[in-house]
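Where a number appears in this text, it was derived from the coordinates with a stated rule and is not lab data. What you see is a predicted model, and the numbers here were worked out from it, not measured in a lab. Here the Cβ positions follow ideal geometry from the backbone for every residue, glycine too, while neighbour counts run over all protein chains shown.
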Amino acid sequence: MSAYLFLKWVHVTCVGLSATLFVGRGIAASAGFDWREVRPLRIVPHAVDSVLLASAVAMLWLLRLSPLAQSWLIAKLIGLLCYVGLGMVALRFGRTRSGRTAAFVAAISTLAYIVSVALTRDPRGFLAMLP
């Protein structure tokens, strides 16, 4: 297996783990469970996201791609910033339950957009596949 394929496998695996952890924490929070009291639920997402980011940077380096020269990578970076901000509101800083829920749904939608951009390598994401 080439280094790139290994890094891609690590990256995609971490995307799945990160999304699963986010959804699990969001569901737990909406059910009234304080997931922040469970130490692994505070630590593991940061470790997974660090490996996710490191694998992304390593793939860019291997492919000699500049994220600022590729429109789809710029779209993913902007989407990532939105996803992180919405996730923070959904899991930590939302003042009302409805506000946290709206931020959670928006974060999941943003994550779906990011994945669609990655799959299509087009900033339009899934819209690029429409006729």
When only Cα pairs under 8 Å and 6 or more residues apart are kept, what is the percent relative contact order across region 1-105? 27
Give me Rg over Rh for the chain, both radii from the alpha carbons and Rh done the Kirkwood way, two decimal places. 1.00
Ignoring trypsin sites (Lys or Arg not before Pro) that are buried or in helix or strand per DSSP, and keeping those with at most 11 other beta carbon atoms within 10 Å, what is the longest stretch of the chain between them? 1-63
By how many degrees, 0 to 90 and rounded to 10, does the Cα axis of helix 3-30 deviate from the longest principal axis of the chain? 20
Assuming 0.36 nm per residue, please report the length gained on full extension of the stretch Ala31 to Ala3 beyond their Cα-Cα distance. 5.9 nm
How many nm separate the modelled label positions at Ala128 and Arg92, each set 7 Å beyond the Cα in the direction of the Cβ? 3.2
So which chymotrypsin sites (Phe, Trp or Tyr not before Pro) in region 17-81 are both in a DSSP loop and have at most 16 other Cβ atoms within 10 Å of their Cβ? Phe33
With the dipole of region 32-116 worked out from charges on the C-beta (+1 for Lys and Arg, -1 for Asp and Glu) around the Cα centre, which of Ser71, Gly85, Ala112 lies farthest toward the positive end? Gly85
